[in-house]
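Data first, discussion second: the structure below is written as structure tokens.
Readers should treat all values here as calculations from the given coordinates under stated rules, not as data from a laboratory. Not measured: the values here are computed from a predicted model. In this analysis, Cβ positions are derived from the backbone assuming ideal geometry, glycine residues included, and neighbour counts consider all displayed protein chains.
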């Protein structure tokens, strides 16, 4: 895994060994080359929970969007108000035009009345006058302050014009048409001219104000568009920035932790995790450092223990070697005097020193017997010690089962004869040469058969070997004292004889069966016994026809 | 002419057994009490048979046997190696070193005499 080290603007280091793609590279560019890195570290350093930081980030973005909404709403309200004002101005313009129309009709009807000298036409003038006044009232109600003065002047002029019309009407009724015409020309007509000029002023004013309003609405719309655009861009940038710095203030410690865990997994318990965070990630980093320290302590302890074990092991090996040497020496040291004792006794009994007086023959034979017994004991103890020390080695070679049985038969037949026991030793015909330590197998069979003869006062001892597939089964049965059921499991244990009285009567070290069992097991075999107290015993052992030596039993 | 037997053994009682065993025979006995002396005596006296104990001071019986076998002057002399370990493999080691026969302690004097008579018949 590629390993990267990143230096932040404040000089702090971020180590990580996570796989990195383009996205991460771009992010690291911003983190290391711009002040964004500082902001990330600053946010990480804020003493607050991850939850609060995330919530604050979202709240800031949300507030921005709410502000943007409010701004839009305000712009819309402003525009609709401007539109209403524009509508009103439009109405006023309409009304002004109606007034102009009504005024023109008044003038028209006045002229008609004068031409026709008809009094009734005057009523039409009054009707148009009413329309004029009503419309003017509407304009006055909606008028802006600048227009009020003009409207007042229109009203006054209109009042005067009406008075003039009334006078003209009276003159016409009285048949004084010339006077009426004069009056119209002197008073009525100029008044109408004046009113028309005033109404034109209002129309012009409204038209100007409408143009201004339209321009201002257009400007406000443009301003709002720009402002909203800026707001949207700024909000998005801020949201991206906030997302980036907040997420990286969490990603950095996670990546740092990843690198740390990788280090620890590699076995570097000195690894330290260093994060700027003072939130949950900071707590986590502290825990991880504590864990690393604990692991290091544990590791040191374990290493010390391993060293101790190794040194103990060495001591044990040395001790074992010393034990083996001691065994070899003991074997020699014990056998050398035994050799002298048995040698001298044999030479005495062989009359090498002259004829032995008859009364000394028995004690000499006793010395010889006990010497041989002591030798057997020594041999057994040494054998067992060798087995225990793992120094017993099997001499693997081909051997003949018949030879083994013959050797045991030859050695024990005279003893059986002496005790008046029947002794049969046989081998199933057709068994091929076996592979194993023939001497040790002979020793095993000798132990079992010797025991059988020893523990049988009358009857027979039978020895039989047969093949069971790829195994050899040796069987030694007797009609001897047998073994109690609760003692059967102990017969193969070291220094155990079924009964203390038995060892007094029959002798023996109690090691023979244990040694036999171990030799059989070293051959990869097993041994067992079937027996009933007083009814004799049958010992079996099985070894592979072709054994492979096992490690010391 | 009487045959000469060299007995290499460090235990005086075992030396005594062989001495007394052979006192009734025509064999001439010479003795050595360590491996070095044994090799020297064999080279000087050129005996007809050597009884070699396996565990000896200075150099072991096996080593002494190897040296005598390597020396053309003594290579033909029969050597009976006597061990007191009776470990499996001891007879192998004795044979590899060049022993003619192998006896485990405690040996029977009768048996020893039989081996001696077989390998170096009395004149």
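Quick one: length gained pulling residue A:60 to residue A:30 fully straight, 0.36 nm per residue minus the C-alpha distance?
Numbers: separation 30, 0.36 × 30 = 10.80 nm, distance 2.19 nm.
Separation in residues times 0.36 nm, less the Cα-Cα distance, equals 8.6 nm.
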Classify region A:399-439: rounded, prolate or oblate, from the alpha-carbon gyration tensor (a ≥ b ≥ c, eigenvalue square roots; a/c under 1.5 rounded; otherwise prolate if a/b is larger than b/c)? oblate
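For residue A:228 and residue A:540 in the same chain, what is the full-extension length gain: residue separation times 0.36 nm, less their Cα-Cα distance, in nm?
On the way: separation 312, 0.36 × 312 = 112.32 nm, distance 10.46 nm.
Contour length minus Cα-Cα distance gives 101.9 nm.
Calculated from DSSP H runs of 4 or more alone, at -39500 (n - 2.57) each and per residue, what is the 222 nm mean residue ellipticity of the protein assembly as shown, nearest 500? List each step's numbers first, then the result.
Working: 18 runs with 431 residues, N = 676.
Here the helix-only value at 222 nm equals -22500 deg cm²/dmol.
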Taking r as the C-beta separation of residue A:415 and residue A:325 and R0 as 45 Å, the FRET efficiency to the nearest 0.05 is 0.75
Scaled by the rule-of-thumb 2.2 N^0.38 Å, the alpha carbon Rg for region A:303-411 gives a ratio of 1.66
For residue A:84 and residue A:126, FRET efficiency with R0 = 22 Å and r from the beta-carbon atoms, rounded to 0.05? 0.05
Each label point is 7 Å from the Cα along the Cα-to-Cβ direction; what then is the distance between the points at residue A:467 and residue A:305, in nm? 5.4
Global geometry of region A:220-266, whether rounded, prolate or oblate, following the gyration tensor of its Cα atoms and the 1.5 cut on a/c: prolate
Over 20 Å intervals from 0, what percent of Cα-Cα pairs in chain A sits in each interval? 13, 19, 10, 13, 13, 8, 6, 8, 7, 2, 0
Could you give the angle, 0 to 90 degrees to the nearest 10, between helix A:121-142's Cα long axis and the longest principal axis of the Cα atoms of chain A? 30
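Under the 0.36 nm per residue contour assumption, what length would be gained going from the current alpha-carbon distance of residue B:71 and residue B:1 to full extension? If you can, show how the numbers build up before the last one.
Numbers: separation 70, 0.36 × 70 = 25.20 nm, distance 2.48 nm.
Between residue B:71 and residue B:1, full extension yields an extra 22.7 nm.
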With no solvent and one point per C-alpha, what does the Debye sum give as log10 I(q)/I(0) for region A:199-344 at q = 0.10, 0.17, 0.21, 0.22 Å⁻¹? -0.74, -1.03, -1.19, -1.22
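Per residue of A:339-349, count partner chain C-beta atoms within 10 Å of its C-beta, then hand back the mean as an integer.
Per residue, the average neighbour count from other chains is 6.
Taking the beta-carbon count within 10 Å as an exposure proxy, list A:112, B:52, B:1 from fewest neighbours to most.
B:1, A:112, B:52
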Sites residue A:366 and residue A:389 - FRET efficiency at Förster radius 45 Å, r taken between beta-carbons, to 0.05: 0.85
